Every structure is written in C-alpha cells, then in structure tokens.
1. Would you list, by chain and number, the lysines whose Cα falls below 17 Å from the Cα of residue A:13, excluding same-chain residues fewer than 8 positions away?
2. Work out the length of the dipole vector of the protein assembly as shown about its Cα centre, built from +1 on the beta-carbon of each Lys and Arg and -1 on the beta-carbon of each Asp and Glu, and round it to the nearest 20 debye.
3. Among the residues of the stretch B:86-113, which ones have their accessible area go down by 40 Å² or more when all the protein chains sit together, as opposed to their chain alone (1.4 Å probe)?
4. Whole number please: convex hull volume per residue, Cα atoms of the stretch B:44-164, in Å³.
5. Using the heavy atoms of the protein chains alone and a 1.4 angstrom probe, what is the accessible area of the stretch B:153-292 per residue in square angstrom?
6. Quick one: net charge of residue B:311's neighbours, Cβ under 13 Å, K/R +1, D/E -1?
7. What does the average come to when, for each residue of peptide B:121-131, you count the partner chain Cβ atoms lying within 10 Å of its Cβ?
8. Under 15 Å from the Cβ of residue A:181, count the other residues' Cβ atoms, weight Lys and Arg +1, Asp and Glu -1, and hand me the total.
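The values are calculated or read from the model by the stated rules, or taken from the named source; none is laboratory data. Bear in mind the structure is a predicted one, so any value in this text is a computation, not a measurement. Here the Cβ positions follow ideal geometry from the backbone for every residue, glycine too, while neighbour counts run over all protein chains shown. Accessible surface is based on the protein model in full, side chains and every heavy atom, while ligands, DNA and RNA are left aside. Shrake-Rupley method; radii C 1.70, N 1.55, O 1.52, S 1.80 Å.
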Number of protein chains: 2
Amino acid sequence: MYTLLEAQNLVEKHIQSLSIPDTPPELYEPVRYILSLGGKRIRPALVILACDLFDGEVASALIPAVSIEVFHNFTLLHDDIMDRSERRRGSPTVHVKYNENVAILSGDVMSILASRLMNQAPGNVLNLVHDVFTKTAMQVCEGQQLDMNFEELLTVSEVEYLAMIELKTAVLIAASLKIGAILGGASQRDSEDLYEFGKNLGIAFQLQDDLLDTYGDPGVMGKNQGTDIMDNKKTFLVIHALGAASPAQKEELITWLEKKDFDPKEKIGAVIRIFDSLNIKEETELKIKDYYQKALSNLEDLNRPEERKAELYNFASFLRTRNR
Amino acid sequence: MYTLLEAQNLVEKHIQSLSIPDTPPELYEPVRYILSLGGKRIRPALVILACDLFDGEVASALIPAVSIEVFHNFTLLHDDIMDRSERRRGSPTVHVKYNENVAILSGDVMSILASRLMNQAPGNVLNLVHDVFTKTAMQVCEGQQLDMNFEELLTVSEVEYLAMIELKTAVLIAASLKIGAILGGASQRDSEDLYEFGKNLGIAFQLQDDLLDTYGDPGVMGKNQGTDIMDNKKTFLVIHALGAASPAQKEELITWLEKKDFDPKEKIGAVIRIFDSLNIKEETELKIKDYYQKALSNLEDLNRPEERKAELYNFASFLRTRNR
C-alpha cells in the first residue's frame, strides 16, 4: 500500500523523467520550466492512491497521473496570464519570464500533451477515463470564467461562490480520485463516492485557502497576510461579510473594496476589523468543517476495508490541519 | 459515394447542431461565434471522404470530423491573439469582439472540446485516432511557434520555411485524411499514403496562399493585394527572393522589409518589381506544381480503385486551380 508521500515521490520522479520534445525550444522550455517549479503533486498522488485502494496496477496509473499534473500546470500558466500574476511558487510566471505569446502557445501545447498522456490509459477504460478528464477540464475553464466574472461584480451570493470554487478547484481533485479508481477497477458506485469525497474536500481546501490568506500566520505561510484583501478578491470571507453586515458595515466594506488608492496596512486592518465584528473567521471555519465532514462521510460510505482507506483519511486530515 | 460538396454540407449541418454548453455565456458564446463565421470546412470534409473511400461507416466519422474543425478554429482563435489580427473571415476576431482573457479561455475550452469530441471515435480505433490527433495538434503548435520565430529573423532558409508550413498547415490536412482512413478501416499502409497526399497538398495549398496574396486578382480575392508584403511576412516569395537576389537587390529588399514608415502602394510596388526581376512568381508556381505532383503520385499509389478516388482528385484539382 502506497502512502501519500510515496505516491508524491513516485509521481515527482516520473514528472522529472517525462519526455518532452526539445524543438522549438521557445515552445517547450516554458513547459519544462513550469513543471520544474514544484508544487505538492497532490492531484497525481491521488490518482495513484485511488488506483492502489482498489488493488489496481499502479504502473498503469502513472502516466494518467502525470497527465493530470500537466493539465493542472497548464491551467496555472494560462490563469497567470489572465490574472496578470507575476510570481508563481516564488519564481517569475511564464508570461513574465518569457512573453505573453509564448505563454499562450506553450500552455496550449501543455493542454494537448495532457490529453496525449491520458491516451496511454489502458484500452479497456480509455474511453471512460478520457470522458471524465475532458468533462472536468471543461468545468475548470468554466470555473475560471466565473472567477473572472465575479471580479467585476460587487454582489456574489454564497451559493454562486461555492459553485465557482467547485468548478475551478474541487472537480479536478475529485476527478483525480475518480480516474485513479477507474484505473484500479472500482465499481461505478465506488468511483462516484470517491469523486464526492474529493469534491467536498476540494471545496474545504479552497475555503481554507481563503481563510489562511487573511488569518494565517505570515511567518508560517511564507507570504504576507491579507493579499486577497489588497487585491479586492471576492473570497468566501468577503461574500459572507457582505451578506451578514449591517447597512453601515456594508457601506464601509464596499467603500474599502472600491478604493483605488489606499495604504495597504490600513485597508487590511480595517477590513479585518469588520470581519472580526461579524465573526467571519468562525463562520468560515464552520463552513470548512461542514464540507470536511461531508467528505469523511463519503469516505465511510466507500465499500472498502477501513484499514485500506487509511491514507485517504490521512490525506484529508493533512489538508484539514495545514496552516499554509 | 460522397462528393466533396456533400461532405462539406453534412459537416456544416453537424457543426450547426453541435451541442455546446450555455453557461457561463462569456466562455461559450465566443465558441459559437467563431464556429458560425463559416469557412470551407475542408478538413472535416476530408475526414468524411477518406472514411467513405474505404467503405467505412460515415456516421462514425462525423463527430471526429467536427472535432477536427473545432480544433482548427481553436488554433485560429489563439493565433489571432498572438498575431494581433483584428479581422477573421470579414468579422472581428474574438479578442477584439470580446476581450483577450475571454479569447484565451474560450480557446482553451475549444481545444478540450475537440479532444472530448474525438473521444467519441469507435472504441476499436480510439487509441490510434487519438494518437494521430494529439501528435498532430502538438505539431500545429510547433508550426505556429516557428512562424512567430521567423518574424524576428531576417534570414530563413527555404528548407526551414517549408518545414514550418508543413507543421502549421499541412499536417492537420494530412491527419484529417489519415483519421478518416483509420475510421474507414484502411490498412496502415493506405492511411500513410493518404497522409502523405494530404501533407504534400497542404504544402502546395500554403505556397499558393503566399502567391495569391501578392499575385492574385484583388477583385476575385475579396481583399487587397500585397498584405503580406505590407506586414513584412516571411512568405515563400520573400525567402526565395532573398536567396536569389544580387547583393544590390538583396540590400534593396532588406531596406524595404525593415522600413517602419512607408507608403503602402510604393512599398508593394517596389517589392513586386524585385520579385518580377527574379521570376519569383514562376519559381513559386514551379514549387507548387512540384508538391502537387507529389500529392497526385501518393494518390496513385493508394490501393483503391481509381474511380473511387475521383473525389480526392477533384479536391486536389479544386485546390490547384483556386484563385482565392
């Protein structure tokens, strides 16, 4: 039985030895670059763990797992262009290091490469695996579009926000588990349960991201506190606060959200004071707990011996207790 | 037996009735928009003709054919961003009509949609069809990268140029035929022959594009003569001229190519005069004839009754004699 760490290491080794063409270098060097920036390789590791859970042949899940990671990095690459982000994992983003055209085109080729790698799934499940993969990939694009739409809107409901992060973040985590389960020979019922587990965990994961950005320990996080507030991002915290605020608090919050010129410290402090008065930290923690419980219940439903699920419980708890 | 026109009409009908999600509209409306701009639907029609040539079931080739057209339109959409083109088939390009982020993301979702549609190829050839498709799709990206590289270079050899247009234009035409042949049940040998036919015809097609831009009849073309010259594009004509020119002519040509401020008519006239003195029109026509002959010879080699190949001969002759 693979541990999460063993699965991550296995995947990392295969990403490092992935055969990517050399020419033209302008096209393929950025692909190697973004894949070399690291990351926790959570999604491909989940493909491995899910396959292993059903006693599937892990070797047959390796290339599909790498495919998921290549796809994930493609979305990061293109999202960084759209969001005008300059740093990714402590290094310059592709469109900053190279240029925007190179970033568009090398992202395009990564997306196709991901599909080409997925085509190496065994023939008997190829159609099914590819169906889950392409459906999910389209949903991730839908999530990114909704996220961009929300930037232009002042009022986004909690339901809309949760639907957005489900698409943008959670479905790829869910699909990683489902694809691993299919490769491992799971029944449709079991692969669906695992999908739901991943989806609920993915939503909890993103809500925690929102929470940590504002309430995390900057020393532990390795980045400044309150970057989401500074960037006027529509996080769960802001949306929940706008819903719960008194008219006066709402007006104050909106004033801060719309302010173009501000002292960062002052703005972050003011917004956190509003959050605090509305118990936003506690409310968000409750919501996270809610999704986390749902995920655990999906895992309990799963028709496998409890001791075989240990690594997935560990994984859930690892996400739950992370502080960065 | 399908005629080219019947195949085009069949494909057009299926593109019009293609089920594309509605939400978020910002993501999917541009997909519908670019697919509605028309075009000759040559590539998907070739999938149909090739399948039919081997007595394959045309119904099973329809969705893969549409996939190829969706992919082709995705490349146009993203190329237009990279090339800063403002018009496509007489209408505003997607990044002009909407915005650049929308164009990046709706292109991304189109590329995935193409892959999702290709996944509907019959199970027994799915892996093979998907292998040809993804390999070709990566090559098209490589071709676009080389094309962008050439813009920055003054000296590009004829061999390099031909390799670029093979990747950017010819391989997708070739792969359309090969995928159709595979779907039709062709032998590997026959599907390779058909691929070579498409590749040589595709190169001839692009060279003719270069020729028509400078020497075509503006009235027939529906666009101005010499747009490539004005845009300093590295066409076959320019590359051949730089190779054949005397030192003095070369200097004059380079001066024009590097000029930032110019009177369009004066520049086009001067460059055409250099071309004429070097017989560039005739040399290009010879090259086109060369590739066209190669294509016909590939078609002759193909192990099918000559009368069954009639539509492909017609297609080749349609491309050969086009004047716009």
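1. In chain and number order, the partners are A:40.
2. In total the dipole reaches around 60 debye.
3. B:101, B:104, B:105, B:108, B:112
4. On the way: hull volume 16.1 nm³, N = 121.
In the stretch B:44-164, the Cα hull volume divided by residue count equals 133 Å³.
5. Computed with neighbouring chains in place, this is 44 Å² per residue.
6. After counting each charged neighbour, the total is -1.
7. Neighbouring Cβ atoms belonging to other protein chains average 3 per residue here.
8. Values: positive: A:43, A:178, A:189, A:199, A:304, A:308, A:309; negative: A:52, A:55, A:57, A:131, A:190, A:192, A:193, A:196, A:301, A:311.
That sum, taken over residues with Cβ under 15 Å, equals -3.
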